Amino acid sequence: MSSATRPIKPKKRIVRRWVIFIALALLYIWALSGVPIEGFKETAGQISKAIVSGIFSPDWDYVYLPEGEDLLRGLLDTLAIAILGTFISAFLCIPFAFWAANNMSKWKANAGIGKFFLSFIRTFPELVMALLFIKMVGPGSFAGVLALGLHSIGMLGKLFSEEVENIDFGPSEALKATGARPLQTLWFAVFPQVLPGFISYTLYRFEINLRSASVLGIIGAGGIGTPLIFAMQSRDWSRVGIILLGIIVMVTIVDIISGYLRKKIV
């Protein structure tokens, strides 16, 4: 496009934008100037420099240690916790999803009770559930799996129930007209419609559980979070840097694979 035909913005519009920008900048400066900056230690600057330098100079030797725990084992443990927690919840939430679906019950109160039950499970965060299971089964990966599995039932059950509510009853009525049993109708008419959505939601939940599993180790529920908190307590910032880098790489790879599979399924 030549300069002769290129549209020229009015000067008033440009001046108005600059006035709004300057006014907002002054408003933010005025608002932040009243915030009390207290509670910082005298060594805060030195510690901040040590953290930044450690993160940008990671401990590459920690990636693999033949004699003990290392980054690869911690990431593998985290991945296993997320997979098992998602797998357990994906199967256990299916009955609750049909229970909470409005179109699967003649009484709305029945579906309302199912929705309340799923909402009640979602109320408790993974960290709270992990603390409860640590008291029950002890610290370790098993507590993390149980925490993720139980919490994900509430979220996946809600998503699955919404998928069930969108099904078409035409195939079900056709099978009933031919004398099919309720179980056959469910298997051949209902599940083929909801299965793609179920798989897509499960993959999406797996991405979330992977991030949660990375944090659960901080409170002793297994995974890469345990060596991360130990490294932070000992101020080994180079090890903190390599652990954070490993988490970023693992989560990014899983997100790419999961997104690709969800596009293929849906």
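The values are calculated or read from the model by the stated rules, or taken from the named source; none is laboratory data. What you are looking at is a predicted structure, and each value in this text was computed from that prediction instead of being measured. Don't worry about glycine lacking a Cβ; one is built from the backbone with ideal geometry, like all the others, and counts go over all protein chains shown. Heavy atoms of the whole protein, side chains included, go into the accessibility calculation; ligands, DNA and RNA do not. Shrake-Rupley method; radii C 1.70, N 1.55, O 1.52, S 1.80 Å.
Go ahead and set up a Gaussian network model of the chain, Cα springs under 10 Å, then flag whichever of Lys11, Lys135, Lys158 fluctuates most. With Cα springs under 10 Å in the chain, the top fluctuation among Lys11, Lys135, Lys158 is at Lys11. To the nearest ten degrees, helix 126-137 and the longest principal axis of the Cα atoms of the chain are 70 degrees apart. The mean sequence separation of alpha-carbon pairs under 8 Å and at least six residues apart, normalised by the residue count of the chain, gives a relative contact order of 26 percent.
Excluding same-chain neighbours fewer than eight residues apart, the aspartates and glutamates reachable from Lys264 by a Cα-Cα span under 15 Å are Asp255.
Can you give the accessible area of Leu131 in Å² (nearest 10), computed on protein heavy atoms with a 1.4 Å probe? Near enough 90 Å² of accessible area. Applying a DSSP loop filter and a limit of 14 other Cβ atoms within 10 Å to the chymotrypsin sites (Phe, Trp or Tyr not before Pro) in segment 152-226 leaves Phe169. Of the residues Gly68, Gly144, Ala23, the one whose Cα sits farthest towards the positive end of the charge dipole of the chain is Ala23 (charges of +1 on Lys and Arg Cβ, -1 on Asp and Glu Cβ, taken about the Cα centre). What a 1.4 Å probe finds exposed on segment 109-216 is 70% carbon and sulfur by accessible area, rounded to a whole percent. Nearest 10 degrees is fine. How inclined is helix 71-100 to the longest principal axis of the chain, computing both from alpha carbons? Around 40 degrees separate the two axes. In this simple spin-label approximation, Ser105 and Val251 carry label points 7 Å from Cα along the Cα→Cβ vector, and these lie 3.7 nm apart.
One Cα centroid belongs to segment 170-211, the other to segment 83-102; the line between them spans 12 Å.
Any lysines with Cα under 27 Å of the Lys176 Cα? List them, leaving off those in the same chain fewer than 8 positions away. Those lysines meeting the cut-off are Lys106, Lys108.
Please report, in whole Å³, the volume per residue of the convex hull around the C-alpha atoms of segment 99-205.
Working: hull volume 12.4 nm³, N = 107.
In segment 99-205, the Cα hull volume divided by residue count equals 116 Å³.
Accessible surface area normalised per residue over the chain is 65 Å², counting heavy atoms of protein chains with a 1.4 Å rolling probe. Each listed q (0.15, 0.17 Å⁻¹) maps to a log10 I(q)/I(0) for the chain from the Debye sum over equal C-alpha point scatterers, namely -1.06, -1.21.
The loop-placed chymotrypsin sites (Phe, Trp or Tyr not before Pro) in segment 82-159, going by DSSP, that have at most 14 neighbouring Cβ atoms within 10 Å of their Cβ come out as Trp107.
Sparsely packed loop sites in segment 70-119 (the trypsin sites (Lys or Arg not before Pro) outside DSSP H, G, I, E and B with at most 16 other Cβ atoms within 10 Å) comprise Lys106.
The angle separating the long axis of helix 108-123 from the principal Cα axis of greatest extent in the chain is about 30 degrees.
Among Arg205, Arg122, Arg16, the largest mean-square fluctuation in a Gaussian network model of the chain (Cα springs under 10 Å) belongs to Arg16.
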